[in-house]
Structures are given as structure tokens and as C-alpha cells.
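Visitor: Dropping a structure here in C-alpha cells format, bear with me for questions.
The values are calculated or read from the model by the stated rules, or taken from the named source; none is laboratory data. Every value quoted in this text rests on a predicted model; they were computed, and no experiment measured them. Cβ atoms come from the backbone with ideal geometry, glycine included; neighbour counts cover every protein chain shown.
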Amino acid sequence: MGDSIKKSNILLNKRESFLIFLSGLLMTIIPAKIGEMITAVYLKRKGVKYRKSFPIIITERIYDVIGVIFLLKSNTNLIF
């Protein structure tokens with residue numbers, strides 16, 4: 001998410017960026033992707049509008065899906 005935030009001209013120090021990273025990891029522990037919402041709320045507290053933070057989160061999920069598809073595709077090629 002760090003690169004997406006930089007490209008969106010959102011200025012955060014290393015500590016803030018790390019906290020956002022950790023909040024995103026919460027989605028692996030807490031069901032229903034709550035970690036993603038925590039990320040948006042944290043950015044909102046920093047003055048970033050939801051209109052600017054939600055596209056970042058959606059883009060990150062798209063990259064995740066592409067990565068999973070790539071892994072499935074490469075694994076399928078190994079099996080068959």
C-alpha cells in the first residue's frame with residue numbers, strides 16, 4: 001500500500017505508514033475485511049478524504065486477486 005499512497009500524494013512519515021500497513025494485516029485476523037476499513041479511517045484522521053483512500057484500497061485488492069490468479073495458474077501448469 002505504501003507505493004499507492006505515495007503515488008496519491010499522501011504524505012505520511014514512516015511510523016504512520018507502518019501503522020497503516022499493520023492495520024491492513026488485521027484483515028487476515030479479523031473477518032469481513034475490517035482491516036481495510038481501519039486503514040481508511042486512519043487515513044481520514046490524517047485528513048485524507050474517503051474518496052481518495054478507497055481507490056487505493058480497491059487497487060491493492062485487485063493486485064491481490066491478480067497475484068492469486070498468477071499463483072493458481074502457475075500451480076495448475078505444474079500439476080497438468
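Visitor: Go through segment 37-66 and give me each residue that's touching a residue at least 24 places away in the same chain (Cβ under 8 Å), charged (D, E, K, R) and farther than 14 Å from L12 by Cα.
Guide: K52, E60, R61
Visitor: Restricting to segment 1-41, and then to whatever is out of contact with any helix residue (DSSP H, G or I) (no Cβ under 6 Å at 6 or more places or on another chain) and crowded, with 18+ Cβ neighbours inside 10 Å, can you tell me which residue is modelled with the lowest pLDDT?
Guide: Top of the filtered list is I5.
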